[in-house]
Structure formats: C-alpha cells, structure tokens
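The block underneath contains the structure these notes are about, expressed in structure tokens.
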Amino acid sequence: MIRKEDLNIVFMGTPDFAVESLRALVEGGYRVAGVVTMPDKPVGKHQSVPQASAVKRYALSQHLPLLQPDNLKDGDFLEALRAWNAALQIVVAFRMLPEVVWAMPRLGTFNLHASLLPQYRGAAPINWALINGETETGVTTFFLAQAIDTGAIIAQAKTPVAETDNAGSLHDRLMRMGADLVVETVDAIRDGSANPVAQSEAMPLRTALKPAPKIFKETCRIDWNRSAKEVCDFIRGLSPYPAAFTELMTEKGAALTFKIFEAERMLLPHGLPPGRMVSDGKTFLNISTPDGFVGVKELQQAGKKRMPAGDFLRGNGHLL
C-alpha cells in the first residue's frame with residue numbers, strides 16, 4: 001500500500017468535465033504534484049483576450065504547479081514534467097499524449113473516458129451514445145497505450161440513460177461519476193488491487209463497435225428522413241451544445257434556419273413529405289418525419305435568443 005501523501009500524481013485536463021476529477025483528488029487529500037492543461041485560448045472580437053481553461057482556473061485557486069505546453073514533445077516541457085517526479089499520471093479530457101509522456105511514470109498513465117469502452121472510442125462519446133438511442137452508458141478508466149482509447153480497462157461505472165436526458169444532463173452526471181471512479185482507480189493502484197483487462201476481453205465476440213468521432217457543424221444537420229425517435233435522439237444528443245439545426249422552407253416560401261434544443265416525438269399518421277412544418281401559427285410547431293412528427297419545444301434562430309416554440313411563433317407565425 002502506497003500512502004496518499006507518498007504518491008506523486010500529475011493531472012492533465014482542460015474543461016469543466018476534468019475539474020471535477022481534479023477537485024476530488026485535491027479534496028480527498030491526494031498529492032497532486034502538478035497540473036498540465038492547454039495554453040490560454042484567445043477569445044473576443046479580435047481574438048486578443050486570453051482565456052484560461054477551467055482546469056487552469058481551478059489549479060491556480062489551489063496553488064498547484066502548472067504547465068501549459070504548446071508541444072507535448074518539447075524538451076523544456078518534458079524536463080519540467082520529469083522534475084515533478086510523478087509516480088502516476090491521470091488524463092481527463094485533454095489531448096492525445098506522445099509515448100514519451102504517458103510512459104514516464106513508473107505506475108503508468110490512466111485516462112477517464114465518458115463511455116463504457118470499448119464502445120464509443122473517440123472525441124464525443126456522450127453525444128453519440130444519445131444520438132444512437134442508448135439506454136445505458138457510463139465511464140471507464142484505462143491505461144494509455146499506443147492507439148487512442150484502446151488500453152487495458154481498470155474500472156467502469158454504469159448509469160441508465162433516460163429519455164429525458166440530453167448531452168448537458170448526461171455530461172454532468174458522468175462528470176460526477178467519473179470523479180468518483182478516478183479516486184477509486186487511484187486507490188486500487190495504490191493498494192495493488194487494480195486488475196486491468198484488455199478491451200478485447202471486455203466485449204462479447206462479434207459485437208459491432210460504435211465510434212464517437214468529433215462533431216462538426218455539418219454533423220449537426222437534422223435529416224428529416226429519419227424516424228421521429230431518431231430525430232429526437234439526435235436533437236437531445238446535441239443539446240445544449242453544439243445543437244442540432246435545420247433549414248426548412250415554409251408553405252409561404254419563407255426560408256427558416258434554426259437550432260432545436262428540445263423536442264418530442266409524435267407517432268401520428270400523415271401523408272406529408274419529410275421536413276414539412278405544420279403549425280397553428282400560435283401554440284405548436286410540428287415537423288413531419290416518415291412515421292409521424294417531431295414537436296419542437298425549444299429553438300433558436302441565428303442571431304436571436306433561445307426560446308420556447310410559442311414565443312418563436314408569436315414573432316414568425318405569419319410566415320408559416
């Protein structure tokens with residue numbers, strides 16, 4: 001058994017999702033020797049205002065040593081990282097590490113991933129689990145290896161996915177679950193009870209793997225030829241960010257482009273082509289799919305605020 005105070009940990013991460021795990025380690029009395037995060041990101045109209053990552057802000061509030069390398073193979077960065085003398089490195093929502101970094105600690109480097117690996121390897125596991133209509137997901141800790149998201153599984157925790165979940169609510173739940181799992185994993189490594197299992201052994205034979213690639217703007221376009229359930233799953237899988245969007249023509253010839261944040265499926269027979277808007281111009285906005293309608297509950301036009309469908313119709317109902 002290695003005592004908490006004798007185990008030098010280096011933590012690597014960037015967004016809010018990672019902060020929860022770092023906070024759990026700090027508040028749990030673990031020895032965080034240093035933190036690695038992304039360089040400040042320029043924001044503002046002229047990209048002139050540097051913005052610190054969520055992990056950097058938390059690290060500074062706790063007076064933790066900090067590194068922000070542009071290049072993870074840079075000699076000065078590697079020298080500074082070695083000086084922290086980490087026995088274990090933890091990665092949560094950071095970036096792909098070169099072997100010279102992840103192989104550095106004597107106890108290895110493990111990553112927290114927001115899926116039940118080997119399913120949903122990739123950059124957007126929370127979004128794709130919802131888009132694909134999964135009823136269960138979870139978090140996984142695994143040791144880093146050469147290929148991304150393929151290392152031996154250390155531990156997992158599962159959670160059901162409700163039909164009311166969206167990417168925001170599931171993100172927050174997995175963030176909290178992940179922090180608990182990170183602490184459990186560190187403890188298992190400290191006391192020697194960790195028993196990593198190859199991902200190939202964690203999946204039944206001939207099970208198709210579902211990827212979780214990075215989401216781009218065009219990924220977010222709604223295909224109204226899909227079923228009402230598939231469209232609703234797509235919408236909640238991208239809500240609140242980056243949000244699913246559509247470009248439709250009204251029967252009066254007006255072109256409308258808007259994001260949809262919340263919707264419900266309505267299995268009603270009709271003879272309309274997919275993507276036809278049906279509305280009373282005041283209280284409801286339904287869009288046809290092959291097997292029914294998607295009832296839009298919350299949306300946002302470009303350059304305007306997010307709003308309930310009723311508020312949108314009060315300003316645009318005359319166009320439908």
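Among the residues making up the range 149-161, those that are under 19 Å from residue 182 (Cα atoms) and either surrounded by fewer than 15 Cβ atoms within 10 Å (Cβ to Cβ) or among the polar types (S, T, N, Q) (or both) are 150, 156, 158, 159. Does residue 206 satisfy the criteria of being in contact (Cβ under 8 Å) with a residue 60 or more places away in the chain and either assigned to a loop (DSSP other than H, G, I, E, B) or assigned by TED's automatic domain parsing to the domain that holds residue 260 (or both)? The answer is no for residue 206. Count of the range 147-201 residues, restricted to those that are over 20 Å from residue 18 (Cβ atoms) and in a loop (DSSP other than H, G, I, E, B), is 15. Return yes when residue 275 is farther than 21 Å from residue 234 by Cβ and of a type outside the set (Asp, Glu) and no when it is not. No.
Residues in the range 204-230 that are closer than 20 Å to residue 120 by Cα, more than 19 Å from the chain's Cα centre (by Cα) and either surrounded by 15 or more Cβ atoms within 10 Å (Cβ to Cβ) or modelled with pLDDT of 95 or more (or both): 230 only. Only one of the numbered conditions (1) in contact (Cβ under 8 Å) with a residue 12 or more places away in the chain; (2) surrounded by fewer than 19 Cβ atoms within 10 Å (Cβ to Cβ); (3) more than 18 Å from residue 202 (Cα to Cα) is not met by residue 63, and that is (1). Restricting the first member to the range 10-35 and to residues that are in contact (Cβ under 8 Å) with a residue 12 or more places away in the chain and over 16 Å from residue 52 (Cα atoms), and the second to residues that are basic (Lys, Arg) and in a helix (DSSP H, G or I), the beta-carbon pairs closer than 8 Å and six or more apart or on different chains are 20/176; 28/4; 29/4; 30/4; 31/4.
Right, residue 219: assigned to a helix (DSSP H, G or I) and hydroxyl-bearing (Ser, Thr, Tyr) or not?
On the way: assigned to a helix (DSSP H, G or I): yes; hydroxyl-bearing (Ser, Thr, Tyr): yes.
Yes.
The values are calculated or read from the model by the stated rules, or taken from the named source; none is laboratory data. Note that the coordinates shown come from a computational prediction; the quantities given were computed from them, not determined experimentally. Note that each Cβ is placed from the backbone with ideal geometry, even for glycine, and that neighbours are counted across all protein chains shown.
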